[in-house]
Protein chains: 2
Amino acid sequence: MVLANENYIKLSDSHYIEDIEKRVNAYKILHPNEKIYRIGAISPSLPLPLDAVKSMQRAVEDLSTINEFRGYGPAQGYDFLIDKILKEYRSNFAVSFEKECVFVSSGSTTDLANITNIVSSDNIVAIADTIDPAYENTTVLNGHAGKLKNGKWSNLVYLQCNESTNFLPQLPTERVDVIFLSNPNNVTGTAIKRSDLKRWVDYAAENESLIIYDASFQAFIKDENIPGSIYEIKGAKKVAIEIRSFSKDASFAAVRCGFTIVPNELQACTFGGKYVPINRLWKKLIQNYTNGVSYISQRGAEALFTRKSKTEISELVNYYMINASLIREELNAMGYRVFGGQNSPYIWFKIPNSNTSWKFFLHLLHDLGIVGTPGIVFGPENDRYMRFSGYCNRNDLIAALKIMKNNF
Amino acid sequence: MVLANENYIKLSDSHYIEDIEKRVNAYKILHPNEKIYRIGAISPSLPLPLDAVKSMQRAVEDLSTINEFRGYGPAQGYDFLIDKILKEYRSNFAVSFEKECVFVSSGSTTDLANITNIVSSDNIVAIADTIDPAYENTTVLNGHAGKLKNGKWSNLVYLQCNESTNFLPQLPTERVDVIFLSNPNNVTGTAIKRSDLKRWVDYAAENESLIIYDASFQAFIKDENIPGSIYEIKGAKKVAIEIRSFSKDASFAAVRCGFTIVPNELQACTFGGKYVPINRLWKKLIQNYTNGVSYISQRGAEALFTRKSKTEISELVNYYMINASLIREELNAMGYRVFGGQNSPYIWFKIPNSNTSWKFFLHLLHDLGIVGTPGIVFGPENDRYMRFSGYCNRNDLIAALKIMKNNF
């Protein structure tokens with residue numbers, strides 16, 4: 001008899017994007033002619049850099065000719081893209097890796113989900129209290145969690161990350177083996193400074209822990225005290241995997257391409273007490289669970305490293321960051337407590353009048369036609385918060401902020 | 001301290017494609033000017049159907065415009081592709097599914113690898129004795145296997161599939177919970193007839209087992225007694241997941257797109273004795289481990305269902321199948337025992353003179369410049385076999401077969 005994997009039973013079905021869309025669709029049916037202002041998006045709204053478009057057009061053409069046609073590509077990614085990534089790390093972060101440390105991915109989601117599969121389910125995984133639910137969900141599915149009680153899983157360690165800490169995660173107070181860090185934080189937009197990140201690297205070195213560092217929003221960092229890569233910190237190669245995305249800055253959400261760096265210096269221990277390179281474990285996963293990433297997507301990603309693309313990407317980032325500033329200013333002027341939006345497109349703020357976040361969400365939607373993201377989807381402790389995002393149309397945003405101002 | 005997942009320790013590092021390429025590269029260095037005849041390929045050598053090329057060009061263009069730009073797509077795939085798949089199943093196999101039963105994938109590899117993650121590690125998994133090693137490897141990584149002894153894992157059930165059974169897998173003689181079937185077989189090219197497949201469906205219904213049916217090579221079926229889909233068999237919706245690829249027939253290996261059908265009728269049991277839809281478990285995996293498949297690849301796949309593409313795909317398949325016939329004829333004429341090649345591009349044959357398969361491989365490579373696939377990479381019991389493939393250039397193949405004929 002087929003038995004279900006119990007980890008898949010204990011994790012609830014809900015998916016917050018769907019929960020939001022259901023409510024938006026219900027509103028649309030009731031108010032078919034009303035304008036809706038979407039200022040809660042999680043990915044760019046502007047088109048791809050032109051060189052990436054051209055490069056993907058050429059890649060499609062390659063596959064249409066006998067001479068340039070390709071079958072299965074290397075599981076780990078093509079050298080043409082890996083070389084560009086290595087060069088960027090050398091020039092931007094003054095850090096070198098061997099080729100085999102870079103793994104091209106179909107976006108960061110899959111790698112972030114798979115990563116806790118290569119470590120023992122006996123390992124204790126630590127997750128910031130306020131962080132994208134994907135880390136927690138996949139850690140549960142991968143068998144690292146115990147039971148759910150009051151919205152928290154036993155066996156997982158939750159790192160304090162709330163208003164009292166300025167939404168910056170605090171170091172574990174107990175020993176943990178694996179730590180998810182997202183910097184800038186992919187929920188609140190807050191960011192850990194270089195000097196603070198050093199304390200995490202030191203903690204991991206001391207406890208032989210592994211940091212899984214999600215740097216998907218690194219292109220949005222404006223403050224020079226915030227590191228663009230964890231490898232800017234001395235010793236990080238021995239403790240950290242870094243996961244990167246092209247979706248958040250270069251509009252690649254529909255293209256599906258990112259990369260993961262697994263340094264050769266990282267080690268895990270076997271039950272028999274031997275050390276093995278984590279790179280080898282991850283390579284085994286990639287070789288067995290994928291057949292490489294789309295050649296077309298990889299050619300697109302390669303073209304993101306041209307001078308022209310870099311200019312276009314910083315223009316895209318600036319557009320979203322100006323939006324974020326407008327949101328910050330307006331919410332500040334309205335007297336809200338505001339976080340993020342300075343090194344991230346996300347603005348996280350406290351809901352006035354002690355409303356719950358779904359109640360506030362529905363108020364914004366039904367009374368003002370504005371769609372944000374209710375904090376509760378990022379954990380029960382965030383039910384007094386709401387998120388807006390700079391990933392929106394400037395004119396819509398200005399109109400939405402005006403409506404809010406006139407109604408609060 | 002980070003502990004490795006022991007399943008990743010116990011599975012060996014080797015990957016057969018790399019093992020072959022290493023030997024070919026060594027030969028190339030020694031003989032830089034010698035022609036090499038590659039007749040062991042695992043994917044098409046001819047370009048994409050033209051409509052798929054055009055459709056992907058348009059998709060790339062979509063992402064370059066403000067109006068058509070897209071961010072994250074639906075995790076399960078776009079309706080435009082799912083609708084085409086559903087229509088194909090209705091017209092080709094007279095079977096209907098609800099939309100939510102189709103999951104667009106980045107190719108069959110990932111889905112075949114992930115599928116045993118949604119069932120309990122207590123479940124007994126059965127794998128044909130001669131089958132692609134990917135099934136066995138990922139079943140081990142997913143925690144279903146015990147210890148390795150003489151090339152076989154305890155806790156896995158190996159289904160007899162050798163010369164005495166004409167390389168057709170035999171029904172389990174003990175109770176098993178999950179069964180991998182590949183039809184036509186992705187190693188030997190042999191195929192299970194409709195009447196025999198019915199016995200598998202009946203077995204699964206009786207034992208409440210789940211069949212994972214890999215139909216990647218269905219486009220190559222010429223014999224009308226061989227089913228193109230397991231859902232041609234009555235009752236299969238209650239026992240089988242079907243996995244499909246666009247790589248093997250439509251030259252999509254570098255594009256990365258396929259699909260998986262998980263009928264609503266499939267059920268798994270929880271430890272608490274309740275039944276849950278397997279579709280819901282799989283949806284949970286897809287929603288948490290992916291962020292959808294490349295929009296460009298999905299637009300390419302959509303265009304494979306035009307009348308023009310269908311004609312082009314059958315021309316591609318015919319080209320490879322004529323190659324397969326040439327191989328069969330020549331090997332038969334040389335007195336070899338030959339399997340497959342009639343409903344599959346793969347030809348599986350017994351090596352003469354009791355050579356081992358690596359020895360024969362090296363003989364073909366070094367003495368004749370011919371590259372095939374040694375049987376041992378598909379399990380130790382296949383060390384007296386070799387595989388050739390119709391995925392090659394016709395002229396090269398004719399030259400290679402002439403060389404073989406003159407040398408044996």
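The values are calculated or read from the model by the stated rules, or taken from the named source; none is laboratory data. Keep in mind that this is a model prediction, so the values were computed, not measured. Heads up, the Cβs are rebuilt from the backbone with ideal geometry, glycines too, and the neighbour counts pull from every protein chain shown. Quick note on the areas: whole protein, heavy atoms, side chains included, nothing else; ligands and nucleic acids left out. Shrake-Rupley method; radii C 1.70, N 1.55, O 1.52, S 1.80 Å.
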- Say a label goes 7 Å from Cα toward Cβ at B:GLY151 in every copy; what distances in nm does this one have to the rest, shortest first? 5.6
- Query: Once B and A are treated as a pair rather than alone, how much accessible area drops out, both sides summed, in Å² to 100, probe 1.4 Å?
  - Reply: 7300
- Task: Provide the net charge surrounding A:ILE233, with neighbours chosen by a C-beta distance below 13 Å and charges set as Lys +1, Arg +1, Asp -1, Glu -1.
- Result: +3
- Message: Can you tell me how segment B:269-311 classifies by the Cα gyration tensor, rounded, prolate or oblate, using a/c under 1.5 as the rounded cut?
- Response: oblate
- Item | Residue with peak Gaussian network fluctuation, chain A [Cα springs, cutoff 10 Å], from A:PHE220, A:PHE388, A:PHE80 | A:PHE80
- Threshold 50 Å² - residues in segment B:228-270 whose accessible area is reduced by that much or more when the chain is no longer isolated, probe 1.4 Å: B:ALA254, B:ARG256, B:CYS269
- Based only on Cα atoms, what Rg/Rh ratio does chain A have, Rh being taken as Kirkwood's radius? 0.97
- Message: For segment B:160-227 and segment B:330-367, what is the centre-to-centre distance using only Cα atoms, to the nearest Å?
- Response: 24
- Note on the structure: Distances in nm between the label point of A:LYS99 (7 Å along Cα→Cβ) and its equivalents in the other copies, shortest first, are 4.5
- Amide H proximity to A:ILE179 below 5 Å, modelled H, separation 5+ or other chain, gives A:ALA126, A:LEU210, A:ILE211, A:ILE212
- Using a 1.4 angstrom probe on protein heavy atoms only, which residues from segment B:1-36 are buried by at least 30 Å² of accessible area when all chains are present rather than their own chain alone? B:MET1, B:VAL2, B:LEU3, B:ALA4, B:ASN5, B:GLU6, B:TYR8, B:ILE9, B:ASP13, B:HIS15, B:GLU18
- Sorted by chain and then number, the residues having a modelled amide H within less than 5 Å of the amide H of A:LEU159, at least 5 places away or on another chain, are A:ILE127, A:ALA128, A:ASP129
- Query: Cβ under 15 Å from A:GLY340's Cβ, A:GLY340 left aside: what net charge do those residues give with Lys, Arg +1 and Asp, Glu -1?
  - Reply: +2
- Note on the structure: In segment B:191-296, the GluC sites (Glu not before Pro) that sit in a DSSP loop and have at most 15 other Cβ atoms within 10 Å of their own Cβ are B:GLU224
- Query: Where the label is 7 Å out from Cα toward Cβ, how close does A:ASN406 come to the same position in every other copy, in nm, shortest first?
  - Reply: 8.8
- Hey, what do the phi angles of segment A:247-263 turn into as Karplus ³J(HN,Hα) couplings, whole Hz, using 6.51/-1.76/1.60 and θ = phi - 60°, x for Gly and Pro? 6, 7, 10, 9, 6, 8, 3, 8, 8, 6, 7, x, 7, 10, 10, 10, x
- Task: Compute the signed sum of charges (Lys and Arg +1, Asp and Glu -1) over the other residues within less than 10 Å, Cβ to Cβ, of A:GLU265.
- Result: +2
- Item | Loop trypsin sites (Lys or Arg not before Pro), segment A:144-207, which have at most 11 other Cβ atoms in a 10 Å radius of their Cβ (DSSP) | A:LYS147
- Could you check how much of the accessible area of chain A is carbon and sulfur, as a whole percent, using a 1.4 Å probe? 48
- Return the lysines within reach of B:LYS274: Cα separation strictly under 19 angstrom, same-chain partners fewer than 8 residues apart disregarded; answer none if there are no such residues. A:LYS10, A:LYS147, B:LYS238, B:LYS283, B:LYS284
- Item | Computed Rg/Rh of segment A:122-183, alpha carbon atoms with Kirkwood Rh | 0.94
- Message: Please list, in order along segment A:22-33, the HN-Hα scalar couplings obtained from phi with the Karplus expression 6.51 cos²θ - 1.76 cosθ + 1.60 (θ = phi - 60°), rounded to whole Hz, x for Gly and Pro.
- Response: 4, 5, 5, 5, 4, 5, 4, 5, 6, 10, x, 9
